Amino acid sequence: MPFFPSREMPTYLEEATRKGYSRRDFAKFCTMMGAFMGLEASGVAQVTKALETKKRLPVIWLHFQECTCCSESFIRSSHPMVADMLLDQISLDYSETLMAASGFQAEEAMKHTMEAHKGEYILCVEGSVPTAADGVYCMIGGKTSLQILEEAAENAKAIIAWGSCASNGCVQAAKPNPTSATPIHKLVKGKPVIKVPGCPPIGEVMAGVIVHVVTFDRLPELDNIGRPKAFYSKRVHDTCYRRPFYDAGLYVESFDDQNAKKGYCLYKVGCKGPSTYNACGVMRWNNGVSFPIQSGHGCFGCSEENYWDNGRLYERASAFPGFGIEADADKVGMAALGVTVGALAVHAVATNLRKKNLVSNLEKEGKQSEKDLE
Amino acid sequence: MDATVNTKKPHIKYLRRVFVWELPVRIYHWLNALAILVLIVTGLYIGNPLAVQSNREAAETFNMGYMRIIHFIAAYIFFFNFVFRIYWGFVGNKYANWRNFIPTTKKYWKEFMHVIKIDVLMMKDKGHHLEVGHNAVAGFTYFLTFIAFLIQCLTGFGLYSSMGTWWFPKMFGWVQVIFGGDIMMRQIHHWATWFFVLFSVVHVYLVFYHDYVEGRGEISSMGGGWKFIEQEYFDHHQEQKANAAGTDNTDNTQKETTV
Ligand code: HEM
Ligand code: HEM
Ligand code: SF4
Ligand code: SF4
């Protein structure tokens, strides 16, 4: 990774060749990325062409309130070339975690990239921005996260919010959110933000998003929440291999039962797959080895907004607000039903007491009519 | 109703047949009631499926699948039926009119308080109040119910938008944005279900209650469309009309009559 990237950047192919990858490796990589992005065969050719001819994109990768799991995921994305190529290819000019420089040099590198590649660099943000107490909770080089973000965003070509922290606040934004952790799209004005939620997002998805931007020179198609459709348009549930058990009504009742052994659906032990949009069911994790559900654990819903506050991990239902942690909607509902039926019973008794005249008049009247018919 | 008559020989009232619920309203009502009951049962099953101990292969059973299909079919019926009812609120008779549901006048509130006093607090009916269509409290409750319908349709179709292939449910994708995702949407959908359960219980009870204390054929009114109103009210209505000749005699039968 060149410290101060020259104005004349090499193309991706040049860089790969320099790194010792063969043409064949390169082609494989392009095909794989094309497949991840859901492109057809002609699209793969487009990817190849783009990576052959385009100058590599400078990238600024900011870290705010986060745990670095997104970076970890990224550098472990499955194909050996993904990490190697993309990391080197997309010159990470500034990334607190991955760059060699630190302190003054690092800040200089960022400044340099921002100036030398005005309007060309991709801004990747990992982590949320704390806005409480004037942003003192996360400051780097004397600047608040917000200042850094605003400066970097101003001339960015595209902004990518990595992970749930940057996309929706994740754990830092969970109640009571002491630092007022705020996702990126709420702070960057007038620029589209690609949200790539997940805690972390799948490495291949991250690579796919970047390759898309490189290949097509525009943002990938986003859904109405701002996530790339190619990876987030389906629920985990829709691509889950345990789905036939769900439809059949066969569920794991507890993690140690016979049904768990048989690999039944994890719905009743809290799987959030039915409300979680992510590509885990297709891409899986760790070189496509497995994903949580395949390992017998329900989906957390890690790529969904507010997933920390919105549900319990091992139960489907969440606490009904205001009724304590044990009370879910059905318990509160049953109690309300009990109270209602009780109240109606009281009402029925009261009716018979208070409206006695009324009812007995009706009765008398009816009986008289009955008599008159004799 | 006539509490002042308390002689030995009962006063025989003459009842007049009033056409209250038109056929479309009645069809709406029963489709709606059926759809809601089905939606509650299948919905609660979807939310918390039974533990089935079965040795059958997954390929041979489809319990949840059927529940969901029934839920979605009922949901479509429910939705379009609801849309139809809104339309009928503008073209139907005065008892079906939307004004019965939304308190727009002072009179509405007066009646509202009156119903609370008579039917909830069980006070003696001094004013001899008569409402042929929905009473004010019922009407307003249906208004709240319609809002619950709306919430349920929005969250339901919002959830469905990513599963359905038809363009119609796909139009509801924006609901997800409002709630920040499916998790919250599902929770609201589930919570709202309990409103329907409570509503159904109270509603059916009150229909029976009115039938019992008023003797005007409340229950059967949703069958044939008729209610049976005492001749006294018609006489009184005429009288009042004559008295008030010219003055504020606004819309409908929701008249306060004093015998
Ligand atoms: C009175 C009306 C309705 C009631 C009482 C009702 C009730 C429910 C309940 C209790 C659930 C389970 C929620 C959970 O805990 O996950 C549910 C799920 C669902 N409902 Fe409804 N619902 C109604 C109307 C609708 C409508 C109009 C639609 C529109 C299509 C709809 C679509 C859905 C969907 C898509 C699910 C999720 C099913 C799944 O993910 O497998 N519902 N409903
Ligand atoms: C034995 C069952 C039922 C009977 C005899 C019955 C009868 C009636 C009657 C007589 C009315 C008009 C009186 C009034 O304004 O209060 C009515 C209105 C209504 N009922 Fe029911 N009902 C039954 C079940 C249900 C159920 C299960 C639901 C749905 C949860 C329901 C929903 C409604 C609604 C929404 C209205 C307002 C109708 C309108 O749009 O004008 N009913 N019902
Ligand atoms: S395990 Fe989870 S994602 Fe898979 S089918 Fe069951 S509920 Fe859906
Ligand atoms: S299975 Fe669910 S919780 Fe696990 S990584 Fe995928 S989206 Fe996140």
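The table that follows gives values for the structure above.
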| item | result |
| --- | --- |
| Identity of the residue in the range A:200-228, of a type outside the set (Gly, Ala, Ser) and within 11 Å of chain B (Cβ to nearest Cβ), that ends up farthest from ligand 3 (Cβ to nearest atom) | A:Asn224 |
| Of all residues in the range B:106-121 being within 14 Å of chain A (Cβ to nearest Cβ) and without any contact (Cβ under 8 Å) to a residue 40 or more places away in the chain, the one that is surrounded by the fewest Cβ atoms within 10 Å (Cβ to Cβ) | B:Leu121 |
| Looking only at the range A:107-142, and only at residues there that are free of Cβ contacts under 8 Å to residues at least 24 places away in the same chain and part of a loop (DSSP other than H, G, I, E, B), the one that is surrounded by the fewest Cβ atoms within 10 Å (Cβ to Cβ) | A:Gly142 |
| Positions within the range A:248-275 being without any contact (Cβ under 8 Å) to a residue 24 or more places away in the chain and either at the interface with another protein chain (Cβ under 7 Å from one of its Cβ atoms) or of a type in the set (S, T, N, Q) (or both), in sequence order | A:Ala248, A:Gly249, A:Leu250, A:Tyr251, A:Glu253, A:Ser254, A:Gln258, A:Asn259 |
| Some residue of the range B:45-52 being more than 12 Å from every other protein chain (Cβ to nearest Cβ) and more than 9 Å from ligand 1 (Cβ to nearest atom) | no |
| Residue within the range A:173-192 that is more than 24 Å from A:Val129 (Cβ to Cβ) and within 14 Å of another protein chain (Cβ to nearest Cβ) present | no |
| So B:Met171, is it touching a Ser or Thr at 6+ places or on another chain (Cβ under 8 Å), within 30 Å of A:Phe231 (Cβ to Cβ) and at the interface with chain A (Cβ under 9 Å from one of its Cβ atoms) | no |
| The range B:238-251 residues that are among the β-branched types (Val, Ile, Thr), paired with ones that are modelled with pLDDT of 60 or more (beta carbon under 9 Å, 6 or more apart) | B:Thr250/B:Thr105; B:Thr250/B:Lys107 |
| Of all residues in the range A:285-298 being touching a residue at least 40 places away in the same chain (Cβ under 8 Å) and surrounded by 19 or more Cβ atoms within 10 Å (Cβ to Cβ), the one that is farthest from ligand 1 (Cβ to nearest atom) | A:Trp285 |
| Flag if B:Val132 is more than 30 Å from A:Leu358 (Cα to Cα) and of a type outside the set (Lys, Arg) | no |
| From B:Ala51, B:Ala3, residue being more than 16 Å from ligand 3 (Cβ to nearest atom), among the small types (Gly, Ala, Ser) and modelled with pLDDT under 95 | B:Ala3 |
| Unique match (being more than 20 Å from B:Phe179 (Cβ to Cβ), in a loop (DSSP other than H, G, I, E, B) and in contact with a Gly (Cβ under 6 Å, 6 or more places away or on another chain)) among A:Tyr314, A:Tyr241 | A:Tyr314 |
| Selection status of B:Asn32, within 16 Å of ligand 2 (Cβ to nearest atom), within 20 Å of the chain's Cα centre (by Cα), more than 25 Å from B:Val197 (Cβ to Cβ) and of a type in the set (S, T, N, Q) | no |
| Matching residues in the range A:143-182 - criterion: being in a strand (DSSP E or B) and small (Gly, Ala, Ser) | A:Ala158, A:Ala161, A:Ala181 |
| Test: residue in the range A:300-321 that is more than 27 Å from A:Cys70 (Cα to Cα) and surrounded by fewer than 13 Cβ atoms within 10 Å (Cβ to Cβ) | yes |
| Matching residues in the range A:6-57 - criterion: being within 19 Å of A:Gly208 (Cβ to Cβ), in contact with a Lys or Arg (Cβ under 8 Å, 6 or more places away or on another chain) and among the aliphatic types (A, V, I, L, M) | A:Leu57 |
| Selection from the range B:23-77 of residues that are assigned to a loop (DSSP other than H, G, I, E, B) and among the charged types (D, E, K, R) | B:Arg56, B:Glu57 |
| From the options A:Ala327, A:Ala317, residue that is in contact with an Asp or Glu (Cβ under 6 Å, 6 or more places away or on another chain), within 24 Å of B:Tyr45 (Cβ to Cβ) and within 16 Å of ligand 1 (Cβ to nearest atom) | A:Ala317 |
| Of all residues in the range B:135-189 being assigned to a loop (DSSP other than H, G, I, E, B) and surrounded by 19 or more Cβ atoms within 10 Å (Cβ to Cβ), the one that is nearest to the chain's Cα centre (by Cα) | B:Asn135 |
| The range B:194-211 residues that are at the interface with chain A (Cβ under 9 Å from one of its Cβ atoms), paired with ones that are within 10 Å of ligand 1 (Cβ to nearest atom) and among the β-branched types (Val, Ile, Thr) (beta carbon under 7 Å, 6 or more apart) | B:Val197/B:Ile40 |
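The values are calculated or read from the model by the stated rules, or taken from the named source; none is laboratory data. As the structure is a prediction and not an experimental result, all values here were calculated from the model. Note that we place each Cβ from the backbone using ideal geometry, even for glycine, and neighbour counts take in every protein chain shown.
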